[in-house]
Amino acid sequence: MRWGRVVSLVGIVALIVGVAYFSLNPVKENIRLGLDLEGGVQVRLQAKGPVTDEDIAQVIEIMRTRVDSLGVAEPTIQKEGNNRVLLELPGLEDPESAIDVIGKTAQLEFKTMDGDLVLTGKDLKNAKEALDSQSGEAYVSLEFSAEGTKKFAEITTKLVNEYPEVGEKRDEHRKIAILLDKQILQNPYVDEPIPSGQARVSGYENLEEAHKIALLLRSGALPVPVEIIEKRTVGPTLGADSVANSKQAAIWGLVAVMIFMIVFYRVPGIIADVSLILYTLLLLGILVAINATLTLPGIAGFLLSVGMCVDANIIIYERLKEELRNGKSLRAAIDSGFSRAFWTIFDANVTTLIAAVVLFYLGSGTIKGFAVTLSLGIICSMFTAITFTRYMLKMTAESGLFKNTKFYGA
Amino acid sequence: MEFIRNRKIWYALSLIVILASLVSLFVQGLNFGIDFTGGTLLHLKFEKVDITSAELRTALEGFDLEKSSIQESDGSYIIKTVEMDQARQVEVLKGLEDTFGKYDLLRGEKVGPVIGKELRQAGILALIIASILQVIYITVRFEFKFAIAAILALLHDAIITVGFFSFLQYDVDTTFIAAILTIIGYSINDTIVIFDRIRENLKNRRKEDLADLVNKSIKQNLVRSINTSVAVLFILFALLIFGGETTKNFSVALLVGVVSGVYSSIFVASPLWYDLRAENKSKS
């Protein structure tokens, strides 16, 4: 018996179990949960008709404004293809109501009293609320785009000329209605021709009211109509349930596999179990480090790769048993067992990896999470099997703790 | 056990199951979920507990949605129906609330027809690309005949899993595609480990009969094949029992695929390779 080896063996096992135990909480706090686990909304929008890159950029801006008004902590809003926008909003109490805000078709229109459409949301560059420095009255200042400025100058000049003021009496025809979703948001009266592209709408109770209108004008100014082509919402209850369920599944699955390994493979089984813990640590660590999102299929992928990890160990141990039966010494059996098992494990895992990588590139949404954990899991399991398991087996053999080959299942 | 000499029996067993799968596929097809057909899914849990599916259907009739699929799951209901816009969904939910009282909307999904088509195409493309890449890999690392045998075994597993889902009319959605791809990976993995042993034994071959050699290779790997599957099955059962509704179909698909995968790697892939190789020999 070599006590030095025994001590370091026990030390390594204690270290791994200890690290695993103490990293449980940090991992739990830092791992990013997918929408299916945390609850939230995923929406895919598609513009109707032809669009330019600027149109989509503007749609994204508007969506950002709308999402901000919902108070989402970490929203993702990104362009997809030429005419699509993908929104992911995690952690909402009432995800369905978010759809109402996002999905507002909200098209802004400026119309004369005759019903002529004079400007659209495309022509409006910005809308901001402010207080008049002299009167203290709240107003909304509008800023038009170059083309909008031209159009607005034309129509205001035309209205002022066509409907001159007679004394104090204001002509209703000089009003321009601002409509959002066909509903009148504002109906300001045109005092004078406005060639500058800067207009001011006044008559608000307070700054807050002006702010609301300005926000609506800003976020309502969708340059093109968009439609929701895909929507997935998960309520917080289901998300929490799924987390609890998969935790149960993971624990029972792992425990069953660990017991099975010990019953079937004795000492190497224990080593396999320790390497399984190390493997889990490694995989979770990498997932946290690359800020990957853990989804429900992702957890399934992790559990499946546990199977791969166990498989690598099983292939090695079966080889080991064979070599022992052929009369080799324990150390020689470990060496030749490993060198023979390596390429088998490698080839077998590469083929599974191919499937996982294809899935990553062609899969959608939460399925990508499955591909990520499965691929990483395969790589980690190969790594732990050919480095750690091997090292531990050699250490155990050299320690002289278990000399009888019966301990190795032979 | 005689894996090679009795191969006709094993082939016959496989063919019967495959035939049954194909018949089911042709007769009743697959029950595609809204991921592929487009539509709306509402997963509701009512505060009132004694609501029946029939009552729910009657209530949906008021919205001309009586043809919806209604599935009960742990006291909650999963309604799959035609595509609805947000306004319509609000209207329907309001109607249900008026009839049955307060509810919690656990999950709401809407998939437009464009997305459904794209997901379908991406799924098929993924299957084709993965299969081609694997044939190439096995051809490079082993030889083409191994690749052919492995791919036939893989098709065997995929058809049986799809057939199983057709037979029981389980929902086929995007996670099913992920499951099939995983089964393909697993099936090939399993097959390769045995092929690897055949290859090794071929190198050290003296005057051994090919049938005996293949039989020996399978036997040498039998414990590994079984143990690995047992470990994976433990995990899948845990996922099936504790994992909840959302991963249920996924776990079932994998369970079927893994069982079929073990069978095919032992009883189908290696005998097929033997036949491919033996046939070639008699010609030359």
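The values are calculated or read from the model by the stated rules, or taken from the named source; none is laboratory data. Since we're looking at a predicted model, the values are computed, not measured. A quick note on method: Cβ atoms are made from the backbone with ideal geometry, for glycine too, and the neighbour counts reach across all protein chains shown.
Here are some notes:
- In the range A:294-309, of all residues being in contact (Cβ under 8 Å) with a residue 60 or more places away in the chain and among the aliphatic types (A, V, I, L, M), the one that is farthest from the other protein chains (Cβ to nearest Cβ) corresponds to A:Leu294.
- Annotation note: of A:Val43, A:Val67, A:Val7, the sole residue that is of a type outside the set (Asp, Glu) and in contact (Cβ under 8 Å) with a residue 40 or more places away in the chain is A:Val43.
Quick grid of which residues meet (1) in a helix (DSSP H, G or I); (2) over 38 Å from the mean Cα position of the chain (by Cα):
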{"residue": "A:Pro297", "(1), (2)": "yes, no"}
{"residue": "A:Arg319", "(1), (2)": "yes, yes"}
{"residue": "A:Glu322", "(1), (2)": "yes, yes"}
{"residue": "A:Ile345", "(1), (2)": "yes, no"}
{"residue": "A:Ala371", "(1), (2)": "yes, no"}
{"residue": "A:Lys394", "(1), (2)": "yes, yes"}
{"residue": "A:Leu401", "(1), (2)": "no, yes"}
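- The set of residues in the range B:75-111 that are of a type outside the set (S, T, N, Q), in contact (Cβ under 8 Å) with a residue 24 or more places away in the chain and farther than 24 Å from A:Gln42 by Cβ comprises B:Gly75, B:Gly95, B:Phe100, B:Gly101, B:Lys102.
- Unmet requirement for A:Arg232, which otherwise passes all of (1) within 14 Å of chain B (Cβ to nearest Cβ); (2) over 32 Å from the mean Cα position of the chain (by Cα); (3) of a type in the set (Lys, Arg): (2)
- Residue within the range B:203-222 that is in contact (Cβ under 8 Å) with a residue 40 or more places away in the chain, out of contact with any strand residue (DSSP E or B) (no Cβ under 7 Å at 6 or more places or on another chain), in a helix (DSSP H, G or I) and closer than 14 Å to A:Leu303 by Cα present: no
- Per this entry, A:Thr396 is not counted among residues that are without any contact (Cβ under 8 Å) to a residue 40 or more places away in the chain and crowded, with 17+ Cβ neighbours inside 10 Å.
- Test: residue in the range B:15-30 that is surrounded by 13 or more Cβ atoms within 10 Å (Cβ to Cβ), in contact (Cβ under 8 Å) with a residue 24 or more places away in the chain and either in contact with a Pro (Cβ under 8 Å, 6 or more places away or on another chain) or aromatic (Phe, Trp, Tyr) (or both): no
- Hey, B:Glu91 out of contact with any helix residue (DSSP H, G or I) (no Cβ under 9 Å at 6 or more places or on another chain), assigned to a helix (DSSP H, G or I) and within 26 Å of A:Ser242 (Cα to Cα) or not: no
- Among (1) out of contact with any Ser or Thr (no Cβ under 8 Å at 6 or more places or on another chain); (2) modelled with pLDDT under 90 - the single one B:Thr175 does not satisfy: (1)
- Screening A:Gly337 against (1) touching a residue at least 12 places away in the same chain (Cβ under 8 Å); (2) surrounded by fewer than 21 Cβ atoms within 10 Å (Cβ to Cβ); (3) not acidic (Asp, Glu) leaves a single unmet condition, (2).
- Condition broken by B:Leu119, with the remaining ones in (1) modelled with pLDDT of 90 or more; (2) within 27 Å of A:Asp100 (Cβ to Cβ); (3) of a type outside the set (S, T, N, Q) satisfied: (1)
- Filter pass, B:Ser166 being more than 9 Å from chain A (Cβ to nearest Cβ), surrounded by 24 or more Cβ atoms within 10 Å (Cβ to Cβ) and not aromatic (Phe, Trp, Tyr): no
- Per the conditions (1) over 20 Å from A:Val310 (Cβ atoms); (2) at pLDDT below 90, the sole criterion not satisfied by B:Gly243 is (1).
- A:Met258 being part of a helix (DSSP H, G or I), more than 9 Å from every other protein chain (Cβ to nearest Cβ), in contact with a Gly (Cβ under 9 Å, 6 or more places away or on another chain) and surrounded by 18 or more Cβ atoms within 10 Å (Cβ to Cβ): yes
- Of the strands (runs of 3 or more DSSP E) lying entirely inside the range A:1-117, not one is found with 1 or more residues being at pLDDT below 90, aromatic (Phe, Trp, Tyr) and within 26 Å of B:Ile115 (Cα to Cα).
- The selection criterion, being of a type in the set (D, E, K, R) and exposed (fewer than 14 other Cβ atoms within 10 Å of the Cβ), does not hold for B:Lys80.
- When each of B:Ile124, B:Ile159 is tested for being modelled with pLDDT under 90 and either over 18 Å from A:Phe346 (Cα atoms) or assigned to a loop (DSSP other than H, G, I, E, B) (or both), the lone residue that passes is B:Ile124.
- Taken together, the residues in the range B:169-197 that are more than 8 Å from chain A (Cβ to nearest Cβ), under 14 Å from the mean Cα position of the chain (by Cα) and part of a helix (DSSP H, G or I) amount to 5.
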